[in-house]
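Chemist: For reference, the structure I am asking about is given below.
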Amino acid sequence: MEYENRQNDDIVRMVNIEKWFGRVYALRGVDFHLKRGETVGLLGDNGAGKSTLIKILSGYHVADKGDIYFDGKKVVIRSPRDARRLGIETVYQEQALAPNLSISRNIFMGREPVKGFGIMDKKLMDEESMQALQNLGLRLRSPDLPVVTLSGGERQGVAIARAIHFKAKCVILDEPTVALSVKEVNEVLEFIREIQREGISSIFITHNLYHVYEIAERFVVMARGKKMTDVLKEDVTLDDLSELVIKSALVE
Ligand SMILES: Nc1ncnc2c1ncn2[C@@H]1O[C@H](COP(=O)(O)OP(=O)(O)OP(=O)(O)O)[C@@H](O)[C@H]1O
Ligand SMILES: [Mg+2]
């Protein structure tokens, strides 16, 4: 199947991305694209290069080779701040939030509104934070609670509320359901559906095919630093997908 020509509706287009970590050739010329409003499941065995690829998009790593186009323009992403400025938000299990800061500080991190004399407008931040969380169906007791006191699912909710509040164009979810209870997983999947309803594109990395099959519209399978498969959900069953992931890891 060939998707590479539908360039115009792409929000993200990564072309021939290569990355070395010392002697480890982590990405070997990967092409990856994401359409506007689309959710792609990024799959593959441990060490396949999934996180490395999305960390290049979110500015945590810089590629050794290759180009990135965002919203139709060639871009240079050298830091997470560059990525955020473009509208790329990342939701990781741990890294995305500052655990000891409050919910509202986390939602506004780096984008705090100010009153006169450069003082942060805490009242505005608190009100908007609670509203953003409520829009996701999350009712938390107070915007002042440190994030460390929240459950895993609630933390993902805070990160996703932030992405929606600041109108992200692309949300990257790197294993957002790992180490969560069944109830929390369902909450997080519901948050991702809200991202979809907002028309925001997303990349969902997970080892759990049940979770991703429910949510994503297309699946990209990686193995040993290469893209092995790029397939629409309508063309595969869950069993097919599982087989594709297992087989791709075995091919030499
Ligand atoms: N910061 C780093 N320094 C050195 N090597 C790294 C670094 N990050 C990743 N690698 C290596 O690059 C390769 C790809 O790793 P990556 O984390 O992208 O895989 P992954 O597909 O996300 O795997 P997992 O499913 O286990 O999260 C692996 O061989 C890994 O050991
Ligand atoms: Mg990873």
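Chemist: With the chain treated as a Gaussian network of Cα nodes joined by springs under 10 Å, which of Met14, Met222, Met109 yields the largest mean-square fluctuation?
Modeler: Residue with maximal mean-square fluctuation among Met14, Met222, Met109: Met109.
Chemist: Additional query: Given the DSSP H assignment, sum -39500 (n - 2.57) over each helix run of at least 4 residues in the chain and divide by its residue total; what's the result at 222 nm in deg cm²/dmol, nearest 500?
Modeler: Details: 8 runs with 85 residues, N = 252.
After summing the helix terms and dividing by residue count, I get -10000 deg cm²/dmol.
Chemist: Still on this model: Between Arg78 and Asp64, 0.36 nm times their residue separation minus their Cα-Cα distance comes to what? Kindly include the intermediate steps, with their values, before the conclusion.
Modeler: Values: separation 14, 0.36 × 14 = 5.04 nm, distance 1.19 nm.
Additional length available on full extension: 3.9 nm.
Chemist: Right, here's the next one. Which of Asp45, Asp82 comes first, and how do the rest follow, when ranked by fewest Cβ neighbours within 10 Å? Spell out each step's value before the answer.
Modeler: Working: Asp45 17, Asp82 14.
Going from least to most buried by this count: Asp82, Asp45.
Chemist: In the range 82-169, which GluC sites (Glu not before Pro) fall in coil by DSSP and have 11 or fewer other Cβ atoms within 10 Å?
Modeler: Listed in order of number, the matching sites are Glu94.
Chemist: Taking a cut-off of 25 Å between Cα atoms, list the lysines near Lys35, but don't count ones fewer than 8 places away on the same chain.
Modeler: Within the straight-line limit of under 25 Å, Lys35 reaches these lysines: Lys19, Lys50, Lys55, Lys65, Lys73, Lys74, Lys167, Lys169, Lys226, Lys227, Lys233.
Chemist: Also, quick follow-up: Considering only DSSP beta bridges with both partners in the chain, what is the antiparallel share in %, to the nearest 5?
Modeler: 55 percent
Chemist: I've got another one for you. Specify the residue with the greatest mean-square fluctuation among Lys169, Lys74, Lys183, computed from a Gaussian network of the chain linking alpha-carbon atoms under 10 Å apart.
Modeler: Lys183
Chemist: Where does each of Asp230, Asp144 land when they are ranked from fewest to most other beta-carbon atoms within 10 angstrom?
Modeler: Details: Asp230 17, Asp144 12.
Neighbour counts put them in this order, fewest first: Asp144, Asp230.
Chemist: Cβ under 15 Å from Asn186's Cβ, Asn186 left aside: what net charge do those residues give with Lys, Arg +1 and Asp, Glu -1? If you can, show how the numbers build up before the last one.
Modeler: Details: positive: Lys183, Arg193; negative: Glu154, Glu184, Glu187, Glu190, Glu194, Glu214.
Overall, the nearby charge balance is -4.
Chemist: Which one of Arg139, Arg224, Arg36 has the biggest mean-square fluctuation once the chain is modelled by GNM with Cα springs under 10 Å?
Modeler: Per the Cα network of the chain with a 10 Å cutoff, Arg139 tops the list.
No value in this document is a laboratory result; all are computed from the given coordinates. Computed from a predicted model, the values in this text were never measured in an experiment. Note that we place each Cβ from the backbone using ideal geometry, even for glycine, and neighbour counts take in every protein chain shown.
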